[in-house]
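Trainee: The structure is given below, and queries will be raised subsequently.
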Amino acid sequence: MVVLIKVVPDGKEVYVDPVTFTLNRSMATNVINPADENALEAALQLKDKHGGRVTVMTMAPPFAEPFLLECMSRGADQAVLISDKAVAGSDTYPTSLTLAAAIKKLGKVDIVFAGEKTSDSSTGHVGPGVAEFLEAELASYTRSLKYEDGYVTAERELETGVEVVRIPTPAVVTIITDSNIPRRATLRRKLDAMRKGIMVWSLNDINVPADWVGLRSSPTVVRKMLPFPRKDRKAKQIDESQFETLIEDLVKMKVINLEVSA
Amino acid sequence: MTTLAKAVPPEDLSQYKGIMVYLDSFNDQLTRAAIEMIGVGRKMGDKSGEKVIGVVIGSQVQSMVKEAGYYGCDEVYGFQSPEFKMYRSKPFTDILAGTVFEKKPNILVVPGTKNGRDLAARTAVRVRSGLTADCMEIDIEPDTGILIARRPDYGDSTMSEIRCEKHRPQMATSRPGTFDLPSKNPKREFKTEIRDVKVDKNSLKEQILSFIPKGEEDITASKVIVAGGLGLGRPEGIDLIRQLAKELGGSIGVSRPIADLGWVPHDFQVGQTGKIVRPDLYVAVGISGKPQHIVGMMDSKVIVSINKDSNAEIFKYSDYVIVGDLYEVIPKLIQVIKKKKKAAVPQPSPS
C-alpha cells in the first residue's frame, strides 16, 4: 500500500478549544493535509487487519522530511520523498505523473491511498490523475473500505447518498476528511523512524525526464491574481429600533414571505 | 491506456473547435450543476460563435438529451447502456475522452459534483490537457478562443486567473451552485445523436453493490439561510440560529470552523470547502468573513450580517449590518418576525 500525502499550511489559524470553547489564535504553520491523515489511518487500519507494507510518499522540498517521519511514527513502514528542483511549479498533471512513476518504481502496489483533496489548492485532481497514469481502478470520496481477496469494497460519500462499490486491485482510493480518527505516533515508532530515516528520490531515480515536469511542462498556468470580486453592497447599519423596518424591507424585496411560513 | 508521458501540446490548435459540456446526471436526470454548466457553455458560445456540444451518459438518455438542447446546447451526444445507470469512473472516462478525441473541442467544462470532479481529473490526464478546478468565473476570449478560468486563492483575498493556452481541450470545473440556471426554451433547435453502447459485463471491473440515498437537507435549495460562525461561541448558538431559520422558513448553515468542531454535520457548511449557496436571504451570524466563506455565499440576493465587531470583514459583503451581541439581537428579531406574522395572517372578514 502507498499513501500519498502533502504538507500544507495550517488552515485552522483560529482554533476553538473543544472543552472550554475559547479561541486560540496560533501562527500559521505547516501540517499534513487533513484528508491525507485520514488516508494514512485508513491504510494503517487495513494493515492492522491484513498485514502488508505501508509506504508514505510525497513530492516536496526537503522540509517535508519531518512530516514523513511523523507518518512512520504512526505506523507506516517506510517513506519516500521525491525531491527535485525540476518539479517546482508543477500543476496537477506532472504531479500525478511523477507520483505514478514513483509508485511504479516501488513494484507491486495493491492500493494507493490519497486524501480527497488538499486544504490549500483543493483541486482533488491528483488521486484520480494517479489512477489514470497507473491504469488503476478508482474509488474517490471514500469514507470507509474493506479489502478481501484482491478486491476493495469502498463506501463513496456522494451528494445524493452513499454508494458502495467493489473494485479489483490495483486501485486508488481517495479518502474523505474526518472519515476516521488518525492514531497518534508512539515513542517507540518515533525512535525507529529516526533511526531508519526516509528515502529521498530524485527524478532520475524514477526515470522521469526533467522536461516532463515543472512549470514549463504544466498545461495550466496562473496568469494573474485579481482582487477578490466584491458586489457593491451598502452595509446599511440597523439598530434595534429599525428591526421592524428591516423585516418589512425584506418582505417588500420578496426575499422572505411571512404569510407562507406563518 | 495512458502511458507515463508529458503532456505534449498539439501542433495545430485551429482544429479544436466548440465548447463541450459534460452533463452530469443522477437517475437519468440532469443535475442542477449540469444545467448551470450548459448556461456557462451557452454564454461562451454566444460570445465566440463556437457551438455548444453536450455529452450525456446514462441508462436512458433520450429525455436528458432533449433537456440539454432546451437549455442551450447546439449538439447533444447521448451514450446509453443499462450499465450506466450509475457513474463508473473508468467507462465514463473512456466515453468522455473518446468523444473529446473524436470531436476535438476547444473547451471542455464539467460540473464540479463529486463524480464530475472524478471524471474531469481522470479525463484531463487521458487527453493530456490542463484542468482548473472550482472556477468562480469561466469566460472565453472571443478572438483567441482562450478559456479564462478564475478561482479563489486560499488564505488571501485574491482570485487567480488560470489559463491553458497550449493544450486542448481547455478544461474547467465549477462547484454546484456557482452559476445561475439558464432559461429553458423547448423551441430551440439543436442536433442530437444517441448511441447505444455495448458494454461487455466481464470487462466492467467496477461493481456497484448498493446505493443508499441520503435524507439530508440540501441547503443549496434553500431560499433563506441563517448561518453561524465562531461568534456563536457555544453549541447553544446553533439552536438560536435554527430558531431564526425556522421563523423565516429557511435552513441553517455554518462556517467551516463550526463544522470542524462537529456542532453540525459538514453538509451544512458554506464556503470553499463546503457548499456554494445563493439564497434569496443569507443571514450571517457571528461570521467574520474569511474569503473561504465569502466565496460560498457572496451571490446571495440579500445579505444581512450580525456581528459584535463593528469592523467585521463580512460587513463589506452585506446589505444590512447589525452590530451587537447575537444572543440579544436574534431573540429580538424573532419577536419582531412573530409579531409581523400575526399581522400578516388574513383576518376573517366581518359578515
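Trainee: Can you name the number of the only condition in (1) within 11 Å of chain A (Cβ to nearest Cβ); (2) among the aliphatic types (A, V, I, L, M); (3) in contact (Cβ under 8 Å) with a residue 40 or more places away in the chain that B:Met159 fails?
Mentor: Going through (1) within 11 Å of chain A (Cβ to nearest Cβ); (2) among the aliphatic types (A, V, I, L, M); (3) in contact (Cβ under 8 Å) with a residue 40 or more places away in the chain one by one, B:Met159 breaks only (3).
To keep it simple, each residue is scored yes or no on (1) of a type outside the set (S, T, N, Q); (2) assigned by TED's automatic domain parsing to the domain that holds B:Phe190; (3) out of contact with any helix residue (DSSP H, G or I) (no Cβ under 8 Å at 6 or more places or on another chain).
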residue	(1), (2), (3)
B:Ile53	yes, yes, no
B:Ser59	no, yes, no
B:Gly78	yes, yes, no
B:Pro82	yes, yes, yes
B:Thr93	no, yes, no
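Trainee: When the residues of the range B:199-219 are narrowed to those that are surrounded by fewer than 20 Cβ atoms within 10 Å (Cβ to Cβ) and within 30 Å of B:Ile303 (Cβ to Cβ), which ends up nearest to the other protein chains (Cβ to nearest Cβ)?
Mentor: This residue is B:Lys214.
Trainee: Report yes if B:Ser174 is under 21 Å from B:Ile276 (Cα atoms) and in contact (Cβ under 8 Å) with a residue 24 or more places away in the chain, otherwise no.
Mentor: On the way: under 21 Å from B:Ile276 (Cα atoms): yes; in contact (Cβ under 8 Å) with a residue 24 or more places away in the chain: yes.
It is true that B:Ser174 is under 21 Å from B:Ile276 (Cα atoms) and in contact (Cβ under 8 Å) with a residue 24 or more places away in the chain.
Trainee: Among what's in the range B:310-345 and is in contact (Cβ under 8 Å) with a residue 24 or more places away in the chain and not in a helix (DSSP H, G or I), pick the residue that is farthest from the chain's Cα centre (by Cα).
Mentor: This residue is B:Ala312.
Trainee: Name the residue, out of A:Lys104, A:Lys117, that is among the charged types (D, E, K, R) and more than 16 Å from A:Trp201 (Cα to Cα).
Mentor: Selected residue: A:Lys117, the only one of A:Lys104, A:Lys117 that is among the charged types (D, E, K, R) and more than 16 Å from A:Trp201 (Cα to Cα).
Trainee: Residues of the range B:252-293 being in contact with a Lys or Arg (Cβ under 6 Å, 6 or more places away or on another chain), of a type in the set (A, V, I, L, M) and either assigned to a helix (DSSP H, G or I) or at the interface with another protein chain (Cβ under 10 Å from one of its Cβ atoms) (or both), which ones?
Mentor: If the condition is that a residue be in contact with a Lys or Arg (Cβ under 6 Å, 6 or more places away or on another chain), of a type in the set (A, V, I, L, M) and either assigned to a helix (DSSP H, G or I) or at the interface with another protein chain (Cβ under 10 Å from one of its Cβ atoms) (or both), then no residue fits.
Trainee: Of everything in the range A:184-233, what is in contact with a helix residue (DSSP H, G or I) (Cβ under 8 Å, 6 or more places away or on another chain) and in a strand (DSSP E or B)? Give them in sequence order.
Mentor: Once the filter is applied, which keeps residues that are in contact with a helix residue (DSSP H, G or I) (Cβ under 8 Å, 6 or more places away or on another chain) and in a strand (DSSP E or B), the range A:184-233 yields A:Val200, A:Trp201, A:Val221.
Trainee: Which residues, taken from the range A:128-147, are of a type in the set (A, V, I, L, M) and at the interface with chain B (Cβ under 7 Å from one of its Cβ atoms)?
Mentor: Residues satisfying the conditions are A:Ala131, A:Leu138.
Trainee: If you don't mind, another one. Here are some residues: A:Gly129, A:Gly124. Which one is under 12 Å from the mean Cα position of the chain (by Cα) and not in a strand (DSSP E or B)?
Mentor: Exactly one of A:Gly129, A:Gly124 is under 12 Å from the mean Cα position of the chain (by Cα) and not in a strand (DSSP E or B), namely A:Gly124.
Listed here are the residues, each with its yes/no results for (1) more than 17 Å from A:Leu44 (Cα to Cα); (2) touching a residue at least 40 places away in the same chain (Cβ under 8 Å).
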position: A:Ile176; (1), (2): no, yes
position: A:Arg188; (1), (2): no, no
position: A:Met199; (1), (2): yes, yes
position: A:Ile206; (1), (2): yes, yes
position: A:Met225; (1), (2): yes, no
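Trainee: More than 10 Å from chain B (Cβ to nearest Cβ) and either of a type in the set (Ser, Thr, Tyr) or on the phi < 0 side of the Ramachandran plot (or both) - does that describe any residue in the range A:114-127?
Mentor: Yes, the conditions are met somewhere in the range A:114-127.
The values are calculated or read from the model by the stated rules, or taken from the named source; none is laboratory data. What you see is a predicted model; the values in this text were computed from it and never measured. Cβ atoms come from the backbone with ideal geometry, glycine included; neighbour counts cover every protein chain shown.
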